[in-house]
Amino acid sequence: MLKFKEKFALFSLSVFVIIFSYVEFEDSKAWGTNHGEARLSINLKAKAVVIGPAITLGDIGQVIVSDSIKRLRLAAVKVGKAPPPGESSEISRNHIKRCLKKSGFGEFIDVLEGPRIIRVTTAQVEIDKAFIKEQYAKIFRVIVRQGCLTKIHINS
């Protein structure tokens with residue numbers, strides 16, 4: 001007899017298979033693969049917020065390609081460096097076309113759609129109060145170990 005965890009795992013797996021099958025079926029209809037042709041497009045956003053040090057095509061647009069591996073590779077194409085946290089920069093569609101061509105995806109230049117200029121903002125870095133306390137504690141331990149601080153005077 002199966003335990004609850006095993007039953008739950010089997011149920012979860014079956015639900016995943018059903019959902020995945022449905023998504024694949026819907027994707028095949030959306031791509032037009034039932035008719036032997038696949039629709040391709042790269043839709044650029046007017047504004048995008050990025051996190052990392054690099055801006056990728058997936059950050060600033062939606063890549064619609066039937067081949068999932070090619071979709072991931074296209075989304076990972078670097079189109080520039082992200083501005084400092086909280087600041088913005090602009091990227092032109094022509095620059096993105098050059099990046100696609102340089103990365104070996106020149107055939108996708110014609111399906112690039114969207115505004116001529118994309119405004120990219122890097123998300124601000126939030127520093128947690130606990131993180132700051134932890135860093136101060138580390139510094140304090142180093143100072144005490146090195147003998148730089150022998151007495152602490154607290155004026156209250």
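Give just the number: which of (1) surrounded by 12 or more Cβ atoms within 10 Å (Cβ to Cβ); (2) modelled with pLDDT of 90 or more; (3) of a type outside the set (A, V, I, L, M, F, W, C) does Gly104 not satisfy?
(1)
Would you confirm whether any residue within the range 71-88 is touching a helix residue (DSSP H, G or I) at 6+ places or on another chain (Cβ under 7 Å) and modelled with pLDDT under 75?
Within the range 71-88, not a single residue is touching a helix residue (DSSP H, G or I) at 6+ places or on another chain (Cβ under 7 Å) and modelled with pLDDT under 75.
The values are calculated or read from the model by the stated rules, or taken from the named source; none is laboratory data. Small disclaimer: the values here were computed from a predicted structure and weren't measured. As a convention, Cβ positions derive from the backbone with ideal geometry for all residues, glycine included, and neighbour counts pool all protein chains shown.
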